[in-house]
1. With r defined as the distance between the Cβ atoms of residue 286 and residue 41 and R0 fixed at 25 Å, what FRET efficiency is calculated, to the nearest 0.05?
2. Between residue 245 and residue 257, what is the label-point separation in nm under the 7 Å Cα-to-beta-carbon projection?
3. Report the Cα-based extents of the stretch 59-134 along its three principal axes, largest first, to the nearest Å.
4. Sort largest first and round to whole Å: the equivalent ellipsoid semi-axes of the stretch 268-341, each the square root of five times a Cα gyration tensor eigenvalue.
5. What is the distance, in nm, between label points placed 7 Å from the Cα along the Cα-to-Cβ direction at residue 368 and at residue 318?
6. Taking the simple approach of a point 7 Å from Cα along Cα-to-Cβ for both residue 358 and residue 49, what is their distance in nm?
7. Compute the convex hull volume of the Cα atoms of the chain, divide it by the residue count, and report the result per residue in Å³ as a whole number.
8. On a C-alpha basis, how far is the centre of the stretch 62-99 from the centre of the stretch 343-361 in Å? Whole number, if you could?
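Each value in this text was obtained by applying a stated rule to the coordinates, not by laboratory testing. Note that the structure is predicted; figures quoted are calculated from it, not measured. A quick note on method: Cβ atoms are made from the backbone with ideal geometry, for glycine too, and the neighbour counts reach across all protein chains shown.
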């Protein structure tokens, strides 16, 4: 089996046994990056020499029986909106085209403590205004073993944790109360291992929450007896390539209790998100003025002209529209009508979804639906944890229920793999 097709646990076992080195694994990923053209397609910056050097250092420490982190030698990629000390970090925007952070995001410090090897920075849409599948495509082409992003991927295992569970310090997001870190892996087992090293309180992040340590590997069991599941079948399209009735039957055969549900206030999710996220984006980007931080125009006549030209040249048209709209909804004449009402709606949506989960259990939802475009924003709006399990499926659970989500995702993943094998054997 190709090294880059293996699970993290398999790679760790091979390195511990001396059968393979971190340098070989990192080298294989870099070879794939070059062979598959990922340097142009998905990566913004590749840290080839730095990654190989760190891999050799880890191999030497392992050889000398020195203490190593739990994921020592495993290569990963991060999106370009996660601050990386000494490495160009543009967040996909011209306004930050030359920005080199003097510090790491907290999650990168945690990855460094775990002994992971960063391969480079993956491209993102400007400030993450639109979700990207660049990390998923990088993993698909074997250009990394796992990745850290700020948006979920419908075709990979990706988790948006309970808001505050993973530090947001150092993430250059478009918003403050919606955006957060999303680990992306090729299997649920890898997700449990990575999540173990990412979760934790961070005093540098005012939204960070103190919780008891949980070992998510304990959730990797093929047992969902008695687990309650709610499923809005009306949101699944027939052309989605997924037999949702079959999913229900298989879960019930494994002991889960599945009930059909109807999600409330779906029509309000998208407009609520647009108003609040635009307001936060306008506020968060006000600092980029050409004076204290970011890109500066070359031609200007006054301080005010410098500010106007810098922002006109530095932000895309789409970003400018979002800033204008955001400033409008928080202006003195419109604040109550738009921003305050959107805040109230967000609270009501969260309360309704929380009650629904309390009554029916974990929700199985499509990540996207032609019947309602706001379905992919539920985790953002509510701050509740969600995990994608491939085939466009996402699971949404109660606050701090990451372990339960991993447990259910693990069973669904194995069922999907078994189904694929059965289909393959018929051919």
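1. About 0.15, to the nearest 0.05.
2. 2.5
3. If we take the Cα atoms of the stretch 59-134, the spans are 46, 27, 17 Å.
4. Result for the stretch 268-341: semi-axes of 27, 12, 9 Å.
5. The modelled label-to-label distance comes out at 1.3 nm.
6. 5.8
7. For the chain, the hull spanned by Cα atoms encloses 157 Å³ per residue.
8. Cα centroid of the stretch 62-99 versus Cα centroid of the stretch 343-361: 36 Å apart.
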